[in-house]
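What follows is a single structure, written as structure tokens, with notes after it.
Quick note: the coordinates plus some simple rules give every number you see, no bench work behind them. Just so we're clear, the structure is a prediction, and the values are computed from it rather than from any experiment. Cβ sites come from the backbone with ideal geometry, for glycine too, and all protein chains shown count toward neighbours.
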Amino acid sequence: MSATASRNGDGSESLQVKGILLRRAWGIYLLPVSGFPVPDDELARVRQLLTRVIQDISRDQSLDSEVFLQSAQVRLQDGSTRLSDHAGEWKPKLCLGVWPDRPGPTRWTREELEELAVGEEPRRMMYTALYLSGSARAREGACDVMLGLGAIVRIMRTGGNGSYLAKVKEVLKPIVQQKPFSNFPNFMPLFDSKSMSGFSPDQLDKWLCGAAVYIRESPEDNGIIIASSRPLDATFERLGGRFEQQPGAQWLVSC
């Protein structure tokens with residue numbers, strides 16, 4: 001039994017979905033995993049739950065998915081092979097990941113490199129990602145193929161309202177002051193649970209450029225963030241979930 005599951009009386013398992021923040025306009029949840037890459041037996045249950053949640057979210061609203069892959073996580077296991085096998089279909093484009101609650105990336109200075117202790121790694125200079133510009137079907141396939149490595153960022157929005165990448169660039173580029181980072185052709189919003197819960201609903205609307213759903217495999221949280229402009233309590237109820245207030249607010253959903 002994985003770290004994300006609890007055993008039911010009938011011998012089945014339920015995945016825990018923790019409610020980090022429940023606000024009038026946004027619901028932010030975390031699906032913990034035992035680690036990235038997610039072990040195969042655990043990944044099967046995670047995939048099933050995410051599929052059911054996304055299907056329910058899409059039931060009453062037509063949403064397009066923008067899909068990004070976080071470069072550092074793609075390098076795990078056979079991620080690079082999976083990417084190269086599908087590159088012609090997925091059509092990846094280079095992006096810079098930008099944290100709205102942090103200063104923009106900067107180059108290493110000579111001073112900080114000289115101050116590193118023996119064996120100490122320098123700070124992470126930047127977060128790069130790949131935007132998948134292929135068809136909607138290709139992007140859906142990529143979410144299935146790459147799930148479990150910790151690489152996926154999926155942003156769901158109402159279609160037919162212009163280029164999402166152009167909107168994101170307009171909003172995020174002012175954070176990135178230093179070259180060559182400001183010269184990146186595309187940008188992607190990055191949040192962990194702490195940074196996302198620190199923003200007001202209006203701020204989240206701004207940084208996500210009006211998107212309705214943000215799903216990210218978050219290595220920082222050891223889990224998958226599921227954030228929705230419509231709280232998902234009704235979704236978890238329809239999926240047969242059981243809400244528990246203690247020891248922490250969470251939904252238990254059988255998978």
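The percentage of C-alpha pairs in the chain whose separation is greater than 27 Å is 38%. Estimated purely from DSSP H runs of n ≥ 4, each contributing -39500 (n - 2.57), the mean residue ellipticity at 222 nm for the chain is -8500 deg cm²/dmol once divided by its residues.
Here the contact order of the range 151-255, divided by its residue count and restricted to Cα pairs under 8 Å and six or more residues apart, works out to 26 percent. Here C209, C95 are placed in order of increasing Cβ neighbour count within 10 Å, fewest first, which gives C209, C95. For the chain, the longest principal axis of the C-alpha atoms and the axis of helix 40-57 are separated by about 80°. Taking θ as phi - 60° and the Karplus parameters 6.51, -1.76 and 1.60, the scalar couplings of the range 86-91 work out to 10, 4, x, 7, 7, 6 Hz in sequence order, x denoting glycine and proline. The residue among P247, L15, V53 whose Cα reaches farthest toward the positive pole of the charge dipole of the chain, with charges on the beta-carbon of Lys, Arg, Asp and Glu, is V53. When the Cα positions of L165, G104, A117 are compared along the charge dipole of the range 83-171, L165 comes out farthest toward the positive end, with charges on each C-beta of Lys, Arg, Asp and Glu. Between R75 and A249, the modelled label-to-label distance comes to 3.8 nm, taking each label 7 Å out from Cα in the direction of the beta carbon. Net charge around L63, counting only other residues with Cβ within less than 14 Å of its Cβ (Lys, Arg = +1; Asp, Glu = -1)? Computed value for this residue: 0. Take 113-119, 68-74 and order them by the average number of nearby Cβ atoms within 10 Å per residue, most first; the result is 68-74, 113-119.
Report the FRET efficiency, 1/(1 + (r/R0)^6), for R137 and L116, where r is their Cβ-Cβ distance and R0 is 51 Å, rounded to 0.05. It comes to 0.65. Each residue of the range 110-121 is assigned a 3J(HN,Hα), and the resulting list reads 4, 5, 5, 5, 5, 8, 5, 6, 4, x, 7, 7 Hz, derived from the Karplus form 6.51 cos²θ - 1.76 cosθ + 1.60 (θ = phi - 60°), x at Gly and Pro. Each Cα pair under 8 Å and six or more residues apart adds its separation to the average, and for the chain the resulting relative contact order is 32 percent.
Coupling constants for the range 238-244 follow from the phi torsions by the Karplus curve (6.51 cos²θ - 1.76 cosθ + 1.60, θ = phi - 60°), and in residue order they are 5, 7, x, x, 10, 8, 10 Hz; glycine and proline get x. In the chain the longest region clear of trypsin sites (Lys or Arg not before Pro) that are loop-assigned by DSSP and have at most 15 other C-beta atoms within 10 Å covers 125-255. Under 5 Å from the amide H of F187 lie the amide H atoms of L96, K169, each residue being 5 or more positions distant or on a separate chain, with H modelled from the backbone and absent for Pro and chain starts. Just need log10 I(q)/I(0) for the range 24-72 at q = 0.16, 0.21, 0.29 Å⁻¹, Debye formula, equal scatterers on the alpha-carbon atoms, no solvent, rounded to two decimals. With no solvent term, the Cα-only Debye profile gives -0.68, -1.05, -1.19.
Residues whose amide H falls under 5 Å from that of S133, counting only those 5 or more places apart or on a different chain, are K93, with hydrogens built in the peptide plane. Net charge in the neighbourhood of L116 (other residues with Cβ under 14 Å of its Cβ; Lys, Arg +1, Asp, Glu -1) is -3.
Here the range 76-143 and the range 172-246 have alpha carbon centers that stand 17 Å from each other.
Around the Cα centre of the range 9-166, unit charges on the Cβ atoms of Lys, Arg, Asp and Glu (plus for the first two, minus for the last two) sum to a dipole of about 640 debye.
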